[in-house]
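Structure first, then comments.
The values are calculated or read from the model by the stated rules, or taken from the named source; none is laboratory data. Remember, it's a predicted structure, so these values are computed and weren't measured experimentally. Using ideal geometry, Cβ is built from the backbone for each residue, glycine included, and neighbour counts are taken over all protein chains shown. With ligands, DNA and RNA removed, areas are computed over all heavy atoms of the protein, side chains included. Shrake-Rupley method; radii C 1.70, N 1.55, O 1.52, S 1.80 Å.
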Amino acid sequence: MLNLIRKRRSCRKFTSQNVEKEKIEKLIKAALWSPTSKNNRPWEFVIVTEKEKVEKLSQCKPHGASFLSQAPLAIVILADEEKSDVWIEDCSIAAILLQMTAEELNLGSTWIQIRKRMHNETTTAEEFVKNQLNVPSHLKVASILAIGYKEKEREPYSEDILLKERIHYNNF
Ligand SMILES: Cc1cc2nc3c(=O)[nH]c(=O)nc-3n(C[C@H](O)[C@H](O)[C@H](O)COP(=O)(O)O)c2cc1C
């Protein structure tokens, strides 16, 4: 696991190869097995493989999402906030487990922030995403994961960048 953590780097350039159904099934299991507070499981996931829809989602905000248009797969992470007051934590855990599983399957991924981001001056990124995918109004959008085969492998993290001074033993 530590090696996978070291190897996982955000990937924003993908080859044109589609993600196989079997790999998508594994990603779905990772998401649905992720832990949630009180086992409430407040999340919902939209698996987007239709090119035009992925392309539309890439326009969700002006910065930090355009690369999604080249990804063969987007996973949109939603939650019902009525089901859990800590849905953000629950969605974040599902997202990182999805990213780690993607890495294990030799896929690259990047988290695209949607919550608290704007599409334009009047529409939130969340509203935009919900409109594209017919998401029921009571659900929140946490993030989108862009997933696909990596165009090239990035350098894994090295020991030098560990912020060791941030670790405190027994007392701050
Ligand atoms: C909460 C969160 C939000 C992020 N939002 C975006 C985003 O909107 N667009 C993007 O390209 N990358 C986004 N990222 C990816 C980060 O930029 C990236 O993880 C960070 O620079 C560290 O690089 P690494 O993933 O290669 O380790 C996000 C990451 C996190 C954890």
Each label sits 7 Å from Cα toward the beta-carbon; between Ser66 and Ile28 the label points are separated, in nm, by 3.4 nm
Testing the spin-label approximation: label points 7 Å from Cα along Cα→Cβ at Met1 and Leu163. State their distance in nm. 2.2 nm
Per GNM of the chain with C-alpha springs under 10 angstrom, the most fluctuating residue out of His119, His138, His63 is His138
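Compare Lys61, Lys116, Lys53 by solvent-accessible area with a 1.4 Å probe and give them largest first, with all protein chains kept in place. Write out the running numbers ahead of the final one.
Working: Lys61 25, Lys116 160, Lys53 85 Å².
From most exposed to least exposed: Lys116, Lys53, Lys61.
If you roll a 1.4 angstrom probe over the protein chains with everything in place, what fraction of the accessible area of the chain belongs to carbon and sulfur, to the nearest %?
That share works out to 50 percent.
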Using the heavy atoms of the protein chains alone and a 1.4 angstrom probe, what is the accessible area of the stretch 11-151 per residue in square angstrom? 52 Å²
Just going by the charge dipole of the stretch 1-99, with Lys and Arg at +1 and Asp and Glu at -1 on Cβ, which of Ile75, Asn18, Thr36 is farthest out on the positive end? Asn18
Chain lengthening between Glu127 and Ile47 when straightened (0.36 nm per residue, less Cα-Cα): 27.0 nm
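What is the projected area of the convex hull of the Cα atoms of the stretch 1-118, averaged over all directions, in nm²? Present the calculation step by step, with values, prior to reporting the outcome.
On the way: hull surface 30.5 nm².
Taking the Cα atoms of the stretch 1-118, their convex hull projects to 7.6 nm² on average.
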When you count, for each residue, the other Cβ atoms within 10 Å and take the mean per peptide, how do 147-156, 87-96 rank with the highest first? 87-96, 147-156
Can you tell me the dipole magnitude for the stretch 1-157 around its Cα centre, using point charges on the Cβ only (Lys, Arg +1; Asp, Glu -1), in Debye to the nearest 20? 480 debye
Between Glu89 and Asn40, the two model label points (7 Å from Cα along the beta-carbon direction) sit apart by a distance in nm of 1.0 nm
